[in-house]
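Colleague: Take a look at the following structure, please.
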Amino acid sequence: MKEKKNIAILGSTGSIGTQALDVVRANPTMFSVEVLTGNGNVDLLIKQAIEFNPNAVVVADETKYQYVKEALNPHDIKVFAGKKAIAEVVEMDSIDLVLTAIVGYAGLESTLAAINAGKQIALANKETLVVAGELVTKLAKEKGVNLYPVDSEHSAIFQCLAGEFHNPIEKIYLTASGGPFRGKDREFLSTVKKEQALKHPNWDMGAKITIDSASLMNKGLEVIEAKWLFGLKAEQIDVIVHPQSIVHSIVQFTDGSMKAQMGLPDMKLPIQYAMAYPERIKSDFPRFNFINYPQLTFEPVDTKTFRNLALAFEAMNKGGNAPCVLNAANEVAVEAFLKDKIGFLQMSDIVEQCLQTIDFIAKPSYDDYVATDKETRRKALQLLN
Ligand code: NAD
Ligand code: MG
């Protein structure tokens, strides 16, 4: 019998993390959980630890350490706390694969630590590649580490590339659902509240990515993610709106042939593909039925209304620390929007102003990214007031 894959799930209490545990629960002979980490929702983290019996649990929020420690006292599970502990625990010898499902810039340090330790990566935390794609992919290459995409669009591209690794890609089309505000104008967008933005038509996800999907920043981040994952130039990446979210993305090769990957929108599929690669695991997920979808439609993306996507292309083309600025400004803006401090359209204003004012660094080091993130957050917070 094949050995089980030992997995560390960073951000196990989130949308991706809990679905990854569903995959483990359904495939107990294939996977075992070695590490779980969470931040705020410690009761869920404790419950997960008791069910999956990992070697170690890390709670990012240090004030919750005692609580978790006491709850897990009767069990043979190590408990640690703090950001540094997440970056340390991923180095454990017993881990085969690290699923990075922390949201935002907060996931960068532990992802780099896992790569440095030679762990294979199932990458959900797209912000890591947006902020420091050059550094992350270079380190992964040096360490012989594969980055298996979890994001559904990138998983689609990855699946289309199976058996094609030596064939040149002409371009890729990333599909976008268009989010809850597809077809709306700026006047409408100026009035929308978080409750409307949090209602995604096709996907049930964490709050930050749901807002990013409504503002199309998510697609912008995914364009940059694709550039680094597949080594593409800006001209090779196109975005097309596909409201049904059935075609998850498309690769076009140099002979003009196109391959698409399709399926019902369910993140468990790309999560389990990344976890089980190169195997495909049998699943009982609901199957797509053509008769329920007599039409699959496609339309151009409106970057005049949804400026975030244009700003992301701009940051990608500029390179250096510009995508790091874009990401940090966006994280501050999304948080402020979720707290009703700013309107929907102001999110792009903050990102744009940060891109214009933060000092450009053409070849950033890790410390430059850390400093850029900090400086951009300071500037963005200033802009809120
Ligand atoms: P989420 O908010 O539901 O979960 C985030 C997880 O990270 C939680 O476990 C939380 O406790 C932990 N966390 C939050 N802040 C932290 C911090 N500062 N330090 C340590 N841990 C922290 O988010 P999600 O929707 O699961 O998304 C996770 C990542 O996956 C994001 O980068 C997102 O872009 C990407 N992603 C998500 C989906 C999806 O369907 N949810 C799809 C594609 C990509
Ligand atoms: Mg996606």
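Colleague: Go through region 228-244 residue by residue and turn each phi into a ³J(HN,Hα) via Karplus (6.51, -1.76, 1.60, θ = phi - 60°); whole Hz please, and just put x for glycine and proline.
Modeller: Using θ = phi - 60°, the values come out as 7, 5, 10, x, 9, 8, 3, 5, 8, 10, 10, 10, 10, 7, 9, x, 7 Hz.
Colleague: Please label the shape of the chain as rounded, prolate or oblate, based on the square roots a ≥ b ≥ c of the eigenvalues of the alpha-carbon gyration tensor (a/c under 1.5 means rounded; beyond that, a/b larger than b/c means prolate, else oblate). All intermediate terms of the calculation are to be shown ahead of the outcome.
Modeller: Numbers: a/c = 1.43, a/b = 1.17, b/c = 1.22.
In terms of gyration-tensor shape, rounded.
Colleague: Mind checking the per residue accessible area of the chain for me, 1.4 Å probe, whole number of Å²?
Modeller: Per-residue accessible area for the chain comes out at 45 Å².
Colleague: Can you give me the distance in nm between label points at Ile291 and Gln356, each placed 7 Å from the Cα along the Cα-to-Cβ direction?
Modeller: 5.6
Colleague: Taking H as built 1.01 Å from N, whose amide H comes closer than 5 Å to the amide H of Lys5, not counting residues under 5 places away?
Modeller: Amide H neighbours of Lys5: Phe31, Ser32.
Colleague: Check the straight Cα-Cα distances from Lys341 and name the aspartates and glutamates below 15 Å, setting aside those fewer than 8 residues away within the same chain.
Modeller: Glu195, Glu331, Asp349
Colleague: Amide H of His248 versus every other amide H placed in the peptide plane: which residues, excluding those fewer than 5 positions away on the same chain, fall under 5 Å?
Modeller: Residues meeting the amide H criterion: Gln261, Met262, Gly263.
Colleague: Taking a threshold of 28 Å on the Cα-Cα distance, which of the pairs Lys233/Lys259; Lys5/Lys69; Lys119/Lys318 fall above it?
Modeller: On the way: Lys233/Lys259 19 Å; Lys5/Lys69 26 Å; Lys119/Lys318 31 Å.
In this structure, Lys119/Lys318 lie more than 28 Å apart at Cα.
Colleague: Collect residues whose amide H, placed 1.01 Å from N in the peptide plane, falls under 5 Å from the amide H of Ser177; neighbours closer than 5 in sequence don't count.
Modeller: HN-HN under 5 Å from Ser177: His242.
Colleague: Order these peptides, 78-91, 96-109, by their mean beta-carbon neighbour count within 10 angstrom, highest first. Before the final figure, lay out each step's value.
Modeller: Numbers: 78-91: 19.6, 96-109: 23.5.
Top of the packing list down: 96-109, 78-91.
Colleague: Could you work out the relative contact order of the chain? I mean the mean sequence separation of Cα pairs under 8 Å and 6+ apart, divided by the number of residues, in percent. Working shown, then result.
Modeller: Numbers: 698 pairs, mean separation 56.0, N = 385.
This gives 15 percent for the chain.
Colleague: Could you tell me what percent of the DSSP beta bridges with both partners in the chain are antiparallel, to the nearest 5? Display every interim value, and only then the final one.
Modeller: Working: 11 of 41 bridges.
So the antiparallel bridges amount to about 25 percent of the total.
Colleague: Right, another one. Using θ = phi - 60° and the Karplus form 6.51 cos²θ - 1.76 cosθ + 1.60, what ³J(HN,Hα) does each residue of region 370-381 get, whole Hz, x for Gly and Pro?
Modeller: So the J values, rounded to whole Hz, are 4, 5, 5, 4, 5, 5, 5, 4, 4, 4, 5, 5.
Colleague: Could you please state how large a percent of the accessible area of the chain is carbon and sulfur, counting protein chains only and using a 1.4 Å probe?
Modeller: Details: 8850 of 17350 Å².
For the chain, the apolar C and S fraction of the accessible surface comes to 51 percent.
Colleague: Taking a 1.4 Å probe, which of Leu123, Leu355 shows the most accessible area, and what order do the others take after it? Before the final figure, lay out each step's value.
Modeller: Details: Leu123 0, Leu355 20 Å².
I get Leu355, Leu123, largest accessible area first.
Colleague: Using the Cα centre as the reference, give the magnitude of the dipole from point charges on the C-beta atoms of the chain (Lys, Arg: +1; Asp, Glu: -1; all else neutral), rounded to the nearest 20 debye.
Modeller: Details: 41 positive and 47 negative charges, 53 e Å.
Using only the charged Cβ atoms, the result is roughly 260 debye.
Colleague: Would you work out the relative contact order for region 7-49, in percent, from Cα pairs under 8 angstrom that are 6 or more residues apart? Intermediate values should be presented prior to the final figure.
Modeller: Working: 47 pairs, mean separation 20.7, N = 43.
RCO, region 7-49: 48 percent.
Colleague: Also: Fully extended, how many nm does the chain gain between Lys138 and Glu164 (0.36 nm per residue separation, minus their Cα-Cα distance)? Before the final figure, lay out the partial values.
Modeller: On the way: separation 26, 0.36 × 26 = 9.36 nm, distance 2.21 nm.
Full-extension gain reported as 7.1 nm.
The values are calculated or read from the model by the stated rules, or taken from the named source; none is laboratory data. In this text, all values refer to a predicted model and were calculated from it rather than measured experimentally. For neighbour counting, all protein chains shown are included, and Cβ atoms are generated from backbone atoms with ideal geometry for every residue, glycine included. Note: accessible area is taken over every heavy atom of the protein model, side chains too, but ligands, DNA and RNA are not part of it. Shrake-Rupley method; radii C 1.70, N 1.55, O 1.52, S 1.80 Å.
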